[in-house]
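I have placed the structure first, in the form of structure tokens, so that the comments after it can refer back to it.
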Amino acid sequence: MKCIICDGEMQLQQTEPERIDNLLIRTGHWECQCGYARPVYQKFPLQFDRDELVKSQQCFCCEDSGAIIPRYVRKYIMDDYQNHDPPVICTRCQKGSHLKGLGWDIATKLQCERIHSIEIKKVNFTPITNEQKEQLQSKIAALSQSNSPNKSLEFTDVEW
């Protein structure tokens, strides 16, 4: 490769690959005797599992943002909803409480629960182990045998 400064020959210098962002990796640089250097990049996108990313969410209708995702609004609430329309506030989680005074549409709790239940079914959760299953079954059996209707179902002692 010719140098754009002195028109001399440039030599390729390999370096340890260094990630620049989610797409680019710097793998080396072209270097000339005059001191000019030109970096060499390769496109190598980060690989991530969408299911792993989504599992950390608490609310699937707004993806923990407080405003329902536009494609869900269009699909489940308003057919004529456009991306430039004001967001629809989620009522399932409390993330949208700071948005309520802006005059935007507010979805009903039932609409948010419906979106959440449909979208959560699309996530590939890791199945529980047999040991965890047995712990849950024994806890449920113990609670169902107690006659107290106010006894809450808490699974804090089950090891996940």
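The values are calculated or read from the model by the stated rules, or taken from the named source; none is laboratory data. Predicted model, so just to flag it, every value in this text is computed and none were measured. Cβ sites come from the backbone with ideal geometry, for glycine too, and all protein chains shown count toward neighbours. Heads up: the accessible areas ignore ligands, DNA and RNA and are worked out on the full protein's heavy atoms, side chains in. Shrake-Rupley method; radii C 1.70, N 1.55, O 1.52, S 1.80 Å.
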Residue 65 and residue 40 label points (each 7 Å along its Cα→Cβ direction) are spaced in nm at 4.0 nm
Using only the heavy atoms of the protein chains and a 1.4 Å probe, how would 88, 40 rank by accessible area, largest first?
40, 88
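Which of the trypsin sites (Lys or Arg not before Pro) found in region 62-139 are in a DSSP loop and have at most 15 neighbouring Cβ atoms, other than their own, within 10 Å?
Of the trypsin sites (Lys or Arg not before Pro), the ones in loops of region 62-139 whose Cβ has at most 15 other Cβ atoms within 10 Å are 121, 122.
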